[in-house]
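Taking it in order: structure first as structure tokens, then the write-up.
The values are calculated or read from the model by the stated rules, or taken from the named source; none is laboratory data. Predicted, not measured: the structure shown is a model, and the values here were computed from it. Reconstructed Cβ throughout: ideal geometry from the backbone, glycine too, with neighbour counts over all protein chains shown. SASA here: full protein model, heavy atoms, side chains in, ligands and nucleic acids out. Shrake-Rupley method; radii C 1.70, N 1.55, O 1.52, S 1.80 Å.
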Amino acid sequence: MSRYLLRQLLYVIPSVIGISIVLFTVLALAPGDPFEELATNPAIPAEVRANLRAKFGLDDPIYQRYFRWFGAMVQGDWGFSFASRVNVDDLILGRLPVTLFVIGSSLLLALVVALPVGVLAATRPYSVFDQIASTLALMGFALPTFCTGLLLILVFSIYLDWLPFVYRADISATGWRWYWEHFRQAIMPVAVLGFFQGASWTRYVRSAVLDVIRLDYVTTARSKGLAERVVVVKHVVRNAMIPVVTLVGLQLPAIFGGAIVTEQIFRVPGIGSLLITAILANDTPVIMAVTFVLSCLVIVINLLTDVLYGWLDPRISYR
Amino acid sequence: MNEHELRHLIAKVKRGALSRRGFIQRMVGLGLTAPLASQMLSYSGIAQAQAPSAYKPTKRGGGGALKVLWWQGATLLNPHFAVGTKDQEGSRIFYEPLVGWDNDGNMVPMLAAEIPTLQNGGLARDGKSVIWKLKKGVTWHDGMPFTADDVVFNWEYAADPATSTVSIGSYKDIKVVKLDSHTVRVEFPKPTPFWGDAFCSTRGMLIPKHLFDAYRGAKSRDAPTNLKPVGTGPYKFVDFKPGDMVRGVINTAYHEPNKPHFDSIEMKGGGDAVSAARAVLQTGEFDYAWNMQVEDEILLKLEDSGKGRAIITPGANIEHIQVNNTDPWTEVDGERSSAKTKHPLFGDAAVRRALNVLVDRGSVEKHIYGRTGIATANFLNNPPRFTSKNMKWEFNVDKANQLLDAAGWKRGSDGIRVKDGKKLKLVFQTSVNQPRQKTQAIIKQACQKAGIDLELKAVTAAVYFSSDVANPDTYLKFYTDLQMYTTTMTQPDPEVFMDQFCSWQIASKENKWQGRNPTRWKNDEYDKAWRAAENELDPVKRAALFIRMNDLVIENQVVIPVVYRPRVAAVSNRLRTSLSGWDNDLFNLRDWYREG
Amino acid sequence: MAGSTPASPTADGLALPAVMRARSNSPWAEAWRRFRRHKLAMAGAVVLALITILVLFGPLFWQVAINDIDFTARLKGPSWRHPFGTDDLGQDLFARMLYGGRISLAVGLAAMMIAVGVGTLVGAIAGISGGKVDAVLMWFTALFLSLPQLPLLLLIIYLFRDVLKGIAGPEVGMFVLIVAVIGGFRWMPVARLVRAQFFSLREKEFVEAARALGATTTRTVTRHILPNSLGPVIVAGTIDVAAAIIAESTLSFLGLGFPPDIPTWGRILFDAKDYMDIATHWALFPGGAIFVTVLAITYIGDGLRDALDPRQVL
């Protein structure tokens, strides 16, 4: 195991560099440039755009731009946003707390719902409970978030007028009110994301538990006279966790990448909305920074899940 | 009304026999007025009367928080780098120009003490210079005085190519001279009829010399004040999160008495236009939302909630269809749509004329844009003084069929017309935008009835309006037969607006597709008229030249105008705003207040 | 089937426990028998078949043009003339749903198959090989997980749209491109899931037993490990169908999908969203259609899963 880990750690650096090269090439080749808005404004001469392109080095060959980016990155310089003329790391750090809070709570919510519901549904397959849970789960992933989000807004903000639907990162209230306001405005985005994510996880948990629950050792455990609760929790769930850990691991980088559509609907100033604005404005340094961090996270978390597999199922050996 | 009569009227105003207001009203009645009618008077030596301010509050502050919603958040707060309107608006909270433009096209002094005229010696008779007197006693938010040095500095800063400002176009050809501590002279290289550009309105917002002096040229990106503006405006900077939130607090030392009304302002960004409208009109979470690009049908329904209303401000942005004059399907010397080619189908004027009557502008207005887009036959629609009365539009499928029949286009077995082996199949592109896709659908159906097959294409705006050379889908490359988008008119003067049909603006491989004329239409008469208008000091003759240019473009079906689009904002019932179609929404933020 | 007509008396064929052997006489027939007894799965299959028939042959009977604009009948609710109502240009939603259903169903199913196929293949190879092969394949998975989709899509459109149009004609070319793009962006979870299953299963007793008896790697994988790791794959498949139908609408929004005047389910739903409180029917029908389709496919998936599960006795 430790040898395996060591070897994997050695792979990390070349993997990350390789991914950064691919990312950069894709971004550089993709059509579009950061000065879309200048284009339709007749009062801005075309030379202005050409000069800006030249100033930001957009006309240089791709490999030169890559080396420039890489050189700066190694020295801790994340680059400079074309659109905001601000350092990219400031932009990202400004968005981080909100993203962690909203997306983090939604994933937590999804997990808290999906685990028990999935397990319960699998212990009584095709019972009424299972049917209801399945149907709700299906709605969760058959309806796109732009629909569920709007539906919630229409019901809770417009007809009932209970919740605000414009998310504000800085709330002027203090003390308990501050927490209350933050909680209130986070309810809808967290619910939308949690529902969407939790829905599919419920299905995976159900399926994983079903796979395990009929295995011999579970029957053995039961026949030893252990209580059903103990059997399920100790013997079934732990073994059914492998797919769940895989999926949660896959989704974790999303905390960083944000949930673009939901953030857009509720105006949550998270990394997702930063990324989409940057992409639409072809603000390459920002896109590059966000996706690069994302890919590092993917690699590290994949490694972590591999380690977790070994803990969940000690028989797994890495050859 | 001819030139002689007009001069007579102006003389009457001069003598005092006709009021200034009466003159402008008369001009409006004749379709001859607004922004430039007042400039007409300034050139004739008549001082501009200030429109009485509608501002009611009698003390500064006490209005609570003003919450405005911009569905595209400001990404930077230095007006000289403001890439889009959203950035200009964010900067406008803190910075002011010498003058703004109100909705009638009058200049409104902000940091100028008075409007330059011939009479007060502000304007030179030869049209080659303007003297601006600055308001005294104005201080920046940090307490430093505002002087002529700041004005001169802004010119130097913006005109320096190394700074890469967006406003460079307004400053690079002029010279600015400091006359005394509160007077500057702007000098033009040639007679300039429209002098209200530098230091005026959106590109005229002034930044303080003492904070930006050290950050000229290539160092400009390092200025801390790029993100923490220190201006002269009614609100002082508190906090800025790019793309998300701009916050300001009342400037208690503002240079006008009893202003501003609100104690703080917050501008939230992001989301989409429809939900922004909901936040103002349905829930009242916000007081004001900008640029309501929303189908009028939805807007009307939202207004029913009774919390607010849509305010529509006339402007001249024009949604139009461009007809390609060159062949987009043949590559010549490494470019398609090369100016050396001719379009294989549009060479026949009957096809262009048929298309012109197949655009159902009435339905587009009635069922898609409503109050937010008015059907028009003209490319140049506002100010009324420049609007041609000679052009008419109609929607007539039968006429299109007759035109095509007469020109020898016969229907094939599939219902599509053919002539000399060439099928009437056209590709029609636009940006991705729901009203545009619906307009496309309406036009496609009409064309089908006339035996023309349209293939619709929609390109993401970020790609369509970009300027990267390798990208084939940009509106300037125009590698399709027809395309549709909106050209904005940001000043109450059509000079820069109309240069997009000049032959030297033709987009080509040679100029890296930076030219502004994607139709690649070339017309000597048009070129000459534009050149003449550029230096014509007589406002009446100048207007006639622009009207002729408009008519040339329409008569030759270089473009088919669809609707011109006024600006629409959602405003809560109690908020009193001061808006203009010729300046930023927040241009007169100091006059905004909430009714008790 | 190898089990029913053994080419040579191999060790694993002979040494299989009696029960398994009896079943392996005709595993597919056995699976089909179990599938038929799964009531919900059969219901799902019937519904999916009905929807397919409807979208394939419906337009032959409901001959209203999908782009027939009628301003006098805008945003009308369901009626005999317009069973699903009309949109804001007065176009008949029933006709548009029938037409768009073909594309949405085809894209959904084809993209799902690509995602599941590629994912299973990558996951299986990585899971059984381990070592360098695993490292390289997981690198690719990480790469695909971290690529920003939007710029990549724009790049793909720009590189391949005209090429594919030239080769396969506009419709087929676009279809291939869309399916490849959607499938190409959704195989990674499947790959990681299958790989994890393999890691766990390849150490299990029955696999050890098969290996000890001299079964080849291919045989161990296809006969023993793969069938046991299908659970998550089937779930992923059903989720992918829904995701692909919706993803298609996003693509057409970027200009990559079918031309803007082609009404797919996802696109109709997207167009309807701002009218949700004004004309509810407009969003209800496409949303409902996607939901029912996914529901049917999920039940089929459940049935398949139970039918193929070698441990389950029904």
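Surrounded by fewer than 21 Cβ atoms within 10 Å (Cβ to Cβ), more than 8 Å from every other protein chain (Cβ to nearest Cβ) and either touching a helix residue (DSSP H, G or I) at 6+ places or on another chain (Cβ under 9 Å) or under 30 Å from B:Met107 (Cβ atoms) (or both): which single residue out of B:Glu510, B:Glu495, B:Glu455 fits that description?
Details: B:Glu510 fails: either touching a helix residue (DSSP H, G or I) at 6+ places or on another chain (Cβ under 9 Å) or under 30 Å from B:Met107 (Cβ atoms) (or both); B:Glu455 fails: more than 8 Å from every other protein chain (Cβ to nearest Cβ).
Testing whether each residue is surrounded by fewer than 21 Cβ atoms within 10 Å (Cβ to Cβ), more than 8 Å from every other protein chain (Cβ to nearest Cβ) and either touching a helix residue (DSSP H, G or I) at 6+ places or on another chain (Cβ under 9 Å) or under 30 Å from B:Met107 (Cβ atoms) (or both) leaves just B:Glu495.
Considering every residue within region C:204-219, establish whether at least one is surrounded by 18 or more Cβ atoms within 10 Å (Cβ to Cβ) and not aliphatic (A, V, I, L, M).
no
Any residue at all in region B:130-138 that's within 29 Å of A:Glu47 (Cβ to Cβ) and either open to solvent by less than 10 Å² (accessible area, probe 1.4 Å) or part of a loop (DSSP other than H, G, I, E, B) (or both)?
yes
Restricting the search to region C:255-279, which residues are within 13 Å of chain B (Cβ to nearest Cβ) and assigned to a helix (DSSP H, G or I)? Outline the logic, then answer.
At the first step, the residues of region C:255-279 found to be within 13 Å of chain B (Cβ to nearest Cβ) are C:255-263, C:267-268, C:270-279.
If the condition is that a residue be within 13 Å of chain B (Cβ to nearest Cβ) and assigned to a helix (DSSP H, G or I), then C:Arg267, C:Ile268, C:Phe270, C:Asp271, C:Ala272, C:Lys273, C:Asp274, C:Tyr275 are the ones that fit.
Given the structure, is A:Arg206 on the phi > 0 side of the Ramachandran plot, within 11 Å of another protein chain (Cβ to nearest Cβ) and open to solvent by less than 20 Å² (accessible area, probe 1.4 Å)?
Numbers: on the phi > 0 side of the Ramachandran plot: no; within 11 Å of another protein chain (Cβ to nearest Cβ): yes; open to solvent by less than 20 Å² (accessible area, probe 1.4 Å): yes.
Answer is no for this residue.
For A:Leu38, state whether it is open to solvent by less than 10 Å² (accessible area, probe 1.4 Å), at pLDDT 85 or above, in a helix (DSSP H, G or I) and not β-branched (Val, Ile, Thr). Steps first, please.
Values: open to solvent by less than 10 Å² (accessible area, probe 1.4 Å): yes; at pLDDT 85 or above: no; in a helix (DSSP H, G or I): yes; not β-branched (Val, Ile, Thr): yes.
Answer is no for this residue.
Select from region B:161-188 the residues that are of a type in the set (Asp, Glu) and not in a loop (DSSP other than H, G, I, E, B) and write down the one among them that is surrounded by the fewest Cβ atoms within 10 Å (Cβ to Cβ).
To start, the set of residues in region B:161-188 that are of a type in the set (Asp, Glu) comprises B:173, B:180, B:187.
Now restrict to residues that are not in a loop (DSSP other than H, G, I, E, B): B:180, B:187.
Details: B:Asp180: 10, B:Glu187: 14.
This residue is B:Asp180.
Does region A:90-101 contain at least one residue that is within 29 Å of B:Asn78 (Cα to Cα), open to solvent by 40 Å² or more (accessible area, probe 1.4 Å), free of Cβ contacts under 8 Å to residues at least 60 places away in the same chain and in a loop (DSSP other than H, G, I, E, B)?
no
Criterion first (at pLDDT below 80 and either surrounded by fewer than 19 Cβ atoms within 10 Å (Cβ to Cβ) or touching a helix residue (DSSP H, G or I) at 6+ places or on another chain (Cβ under 8 Å) (or both)) does A:Ala199 satisfy it? Steps first, answer last, please.
Values: at pLDDT below 80: no; either surrounded by fewer than 19 Cβ atoms within 10 Å (Cβ to Cβ) or touching a helix residue (DSSP H, G or I) at 6+ places or on another chain (Cβ under 8 Å) (or both): yes.
No; evaluated as a whole, the condition is false for this residue.
Suppose we filter A:Val248, A:Val298, A:Val261, A:Val293 for residues that are at the interface with chain C (Cβ under 8 Å from one of its Cβ atoms), under 15 Å from the mean Cα position of the chain (by Cα), assigned to a helix (DSSP H, G or I) and at pLDDT 80 or above; which single one remains? I'd like the intermediate steps shown before the answer.
Details: A:Val248 fails: at the interface with chain C (Cβ under 8 Å from one of its Cβ atoms); A:Val261 fails: at the interface with chain C (Cβ under 8 Å from one of its Cβ atoms); A:Val293 fails: at the interface with chain C (Cβ under 8 Å from one of its Cβ atoms).
Checking each option against the conditions leaves just A:Val298.
Which residues, counting only those in region B:52-109, are among the β-branched types (Val, Ile, Thr) and either out of contact with any Gly (no Cβ under 8 Å at 6 or more places or on another chain) or within 14 Å of another protein chain (Cβ to nearest Cβ) (or both)? Full working, then the answer.
Start the filter on region B:52-109 by keeping residues that are among the β-branched types (Val, Ile, Thr), which leaves B:58, B:68, B:75, B:83, B:85, B:93, B:99, B:108.
Scanning region B:52-109 gives B:Thr58, B:Val68, B:Thr75, B:Val83, B:Thr85.
Looking at (1) in a loop (DSSP other than H, G, I, E, B); (2) within 14 Å of chain A (Cβ to nearest Cβ); (3) charged (D, E, K, R), can you tell me which one C:Lys76 breaks?
All conditions pass for C:Lys76, except number (2).
Just to confirm my filter: which helices (runs of 4 or more DSSP H) fall fully inside region C:159-254 and include at least 1 residues that are over 30 Å from A:Arg214 (Cβ atoms) and away from chain A (no Cβ under 11 Å)?
Numbers: elements: C:170-184, C:188-201, C:205-212, C:230-254.
Those helices (runs of 4 or more DSSP H) span C:170-184, C:230-254.
For region B:488-516, which positions are in a loop (DSSP other than H, G, I, E, B) and of a type in the set (A, V, I, L, M)?
Passing the criteria: B:Met489, B:Ala507.
What is the one condition in (1) at pLDDT below 90; (2) over 27 Å from the mean Cα position of the chain (by Cα) that B:Asp272 does not satisfy?
Tallying (1) at pLDDT below 90; (2) over 27 Å from the mean Cα position of the chain (by Cα), B:Asp272 fails exactly one: (2).
Which of the residues belonging to region A:131-163 are over 20 Å from C:Asp274 (Cβ atoms) and within 10 Å of chain C (Cβ to nearest Cβ)?
Across region A:131-163, the qualifying residues are A:Gln131, A:Ser134, A:Thr135, A:Ala137, A:Leu138, A:Met139, A:Gly140, A:Phe141, A:Ala142.
So in region B:69-111, with the set limited to residues that are of a type in the set (Ser, Thr, Tyr) and in a helix (DSSP H, G or I), which one is surrounded by the fewest Cβ atoms within 10 Å (Cβ to Cβ)?
First, the residues of region B:69-111 that are of a type in the set (Ser, Thr, Tyr): B:75, B:85, B:91, B:95.
Remaining after also requiring in a helix (DSSP H, G or I): B:85, B:91.
Numbers: B:Thr85: 22, B:Ser91: 27.
Among those residues, the one meeting the criterion is B:Thr85.
Could you list all residues from region B:498-507 that are open to solvent by 10 Å² or more (accessible area, probe 1.4 Å) and either more than 23 Å from B:Leu426 (Cβ to Cβ) or at the interface with another protein chain (Cβ under 7 Å from one of its Cβ atoms) (or both)?
From region B:498-507, those open to solvent by 10 Å² or more (accessible area, probe 1.4 Å) are B:499, B:503-506; that's our starting set.
Of everything in region B:498-507, those that are open to solvent by 10 Å² or more (accessible area, probe 1.4 Å) and either more than 23 Å from B:Leu426 (Cβ to Cβ) or at the interface with another protein chain (Cβ under 7 Å from one of its Cβ atoms) (or both) turn out to be B:Asp499, B:Ser503, B:Trp504, B:Gln505.
Across region B:238-261, what is the number of residues that are more than 14 Å from chain A (Cβ to nearest Cβ) and either part of a strand (DSSP E or B) or not aliphatic (A, V, I, L, M) (or both)? If you could, list the steps in order and put the result at the bottom.
Step one: of region B:238-261, the residues more than 14 Å from chain A (Cβ to nearest Cβ) are B:250-261.
In the following step, the residues that additionally are either part of a strand (DSSP E or B) or not aliphatic (A, V, I, L, M) (or both) were identified as B:250-252, B:254-261.
Residues in region B:238-261 being more than 14 Å from chain A (Cβ to nearest Cβ) and either part of a strand (DSSP E or B) or not aliphatic (A, V, I, L, M) (or both): 11 in total.
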